[in-house]
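A quick write-up on the structure given underneath.
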Amino acid sequence: MSFLENLIQEIEARKKAEEAAQAMEDHAKAALETDSLPEEPTPSGPVSVALGNVIEMEARALPIKVHEEIMKRLTFDNPRYFHEARFGRIKPGTTRYLQYAWNQDGKLILARGFMHELIRIFHANRVRFDIKDRTVRPQSFCLKFKGSLNPEQIEALEAIRIRRFGIVAGPRGSGKKVLALKLAAARNVDALVIVKSKARMYQWKEAACRFLNIDGGQVGMLGDGRQDFGEGIAIAIDRTLYRHVDNLKSRAGMVIVDQCERANLKIFTDAVIPMESAYLLGLGRSDKRLDGLDGPMKACLGPLLCELKCPSKTGGEGTGNLILVVRSTDFQFDFLDNYGELTTALVQDQARNDLIVTDILECIANPQARALVICDRIEHAQTLKALLEARFAKAAIVKGRTPRSQIESVQRKYGQGNLQVIITIQKSIHKLETNRTNHLFVASPIKYGDHLFQAMGALMKAAPKNDQLVIHDYRDPLKVLMNSLRQRVKYYRSMGLAHETTLEKNEK
């Protein structure tokens, strides 16, 4: 097939995808205009709002303007639809919009994370309303907090305890977990924590035993072969929780969603929405999601309530000086609009990889050095590992499917000094507890801030004697990569850089 024929086929495929997208968009808009609007626009009295696992109210009791605004605010673009449309293959069942407000039997039903915004809309439109609270506040055991909060956590606690639904964001080590446990104890209700992995479940169990007046046997656990609801607090892995939602929906007064910025949409629709708890709290490194589903997440959990700062190093933990070193490369690529091809070329660039490996070797010449290298692709990690080992330096790769036992072995060697370099994929950073790290190498042009915050949290927890925490990044002379670097530097500076410098390719 000739180049011209290929081009014609590609243009036709794009045209069909655009036509399909426009047709679905027109259909969705028509549905919103016809099916969603109440027939009776004039309310006769206060709007009765029932707050349970969802928000319910009579659709006809709302002014049309208010109804339209609610529907608009709770209708979100579906990123998956755009992704599929871009390649000309929209799968059956993939909708143009994601809706968290719908009409059922004459009632308007909303995800309850929207409660605060709903009140704002009512006030702005002079709508009187009554709220009937049908949520539950069970208490099987009186939780008591036995830790202490730092001044920032105390300030954050005051800001969030007056709000029933919302998200607390902050980098790793900023105290989100401790703050959530304090809040659960202060509210005197049983708590359910939803986590993504077995490792996170046991981390939460350890924190609960440390900061609450309970022992390990009282902590409920669902996952890893356990199906114990416990007393006062239960921790559930999401995949296991789905099977127990009916039993748990009225047994928790507070639901905490760990790593909410990474949670699958199914967690919100199938686990969070059915819960009848009086309180919802999301914990994340950011209130922004990589998949673009910020709106649905906040519709289910509530808005961002506060953002904790990166923990500072105090007392016996060293000075915590954060240093940025940016080194220039000679990488060249004729970039048009295919970022994937650009990334492939960058990963395979021998000169750039040699430069990164040389920088790593220079750092780990110090036996106290520990280097965490972040890549965007597994093949890049494998290339860097091979280059390091060819120069007699050990390195280990941690990726998404690396078994937990192997990760623990790697971390043990890393802590003991038998291994100085760990290479990981940016999406797998959360699997590591690299609290000896004092050098972070950003080997790929990471575009998303939450991965950086995650890795920076590991740096800020460096070993006591390591008072110098160094970030190594690379300046590639392409406009798109320069823009990416500028964005990363903003994140670094927000962490409180003590010093930053730019080096040429062979400069020391």
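Key figures
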{"quantity": "Derived scalar couplings ³J(HN,Hα) [region 183-188; Karplus, 6.51 cos²θ - 1.76 cosθ + 1.60; whole Hz; x for Gly, Pro]", "calculated": "5, 4, 5, 5, 8, 6"}
{"quantity": "Region 56-66 - phi-based ³J(HN,Hα) in whole Hz, Karplus 6.51/-1.76/1.60, Gly and Pro as x", "calculated": "10, 7, 5, 4, 6, 7, 9, x, 4, 4, 5"}
{"quantity": "DSSP-loop trypsin sites (Lys or Arg not before Pro) across region 71-151, with at most 15 other Cβ within 10 angstrom", "calculated": "R89, R126, R128, R134, K144, K146"}
{"quantity": "Order of T437, T75, T402 - criterion: other Cβ atoms within 10 Å of each residue's Cβ, fewest first", "calculated": "T402, T75, T437"}
{"quantity": "Two-site label geometry, T269 and Q368: point separation in nm, points 7 Å out along Cα→Cβ", "calculated": "5.3 nm"}
{"quantity": "Cut-off under 5 Å, modelled amide H: who pairs with A263 long-range", "calculated": "none"}
{"quantity": "Fewest-first ranking of W102, W204, using other Cβ atoms within 10 Å as the exposure measure", "calculated": "W102, W204"}
{"quantity": "Net lengthening on full extension, D330/A345 (0.36 nm per residue, minus Cα-Cα)", "calculated": "4.1 nm"}
{"quantity": "Subset of K205/K385; K205/K266; K132/K309 violating a 32 Å alpha-carbon distance limit", "calculated": "K205/K385; K132/K309"}
{"quantity": "Rounded to 5, the percent of DSSP beta bridges in region 147-304 classed as antiparallel", "calculated": "10 percent"}
{"quantity": "Length-normalised contact order for region 151-307 - Cα pairs under 8 Å, 6+ apart - percent", "calculated": "33 percent"}
{"quantity": "Amide H partners (placed H, <5 Å) of S328, local residues excluded", "calculated": "R475, L503, E504, K505"}
{"quantity": "Cα gyration tensor, region 207-276 - rounded (a/c under 1.5), prolate or oblate", "calculated": "prolate"}
{"quantity": "Amide H contacts under 5 Å for V136, placed H, 5+ residues apart", "calculated": "S277, A278"}
{"quantity": "Cross-link table K65/K298; K107/K182; K182/K431, entries beyond 27 Å C-alpha to C-alpha", "calculated": "K107/K182"}
{"quantity": "Per-residue ³J(HN,Hα) for region 209-226, Karplus 6.51 cos²θ - 1.76 cosθ + 1.60, θ = phi - 60°, Hz, x for Gly and Pro", "calculated": "5, 6, 9, 10, 7, 9, 10, x, x, 8, 7, x, 9, 10, x, 6, x, 9"}
{"quantity": "Residues of region 240-262 with amide N under 15 Å of the 7 Å Cα→Cβ point at R137", "calculated": "252-255"}
{"quantity": "Sites V480 and K399 - FRET efficiency at Förster radius 22 Å, r taken between beta-carbons, to 0.05", "calculated": "0.25"}
{"quantity": "Fewest-first ranking of T95, T424, T383, using other Cβ atoms within 10 Å as the exposure measure", "calculated": "T95, T383, T424"}
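The numbers here are math on the coordinates, done by the rules we state, and not lab data. Predicted model only: the values in this text are computed from it and were never measured. Heads up, the Cβs are rebuilt from the backbone with ideal geometry, glycines too, and the neighbour counts pull from every protein chain shown.
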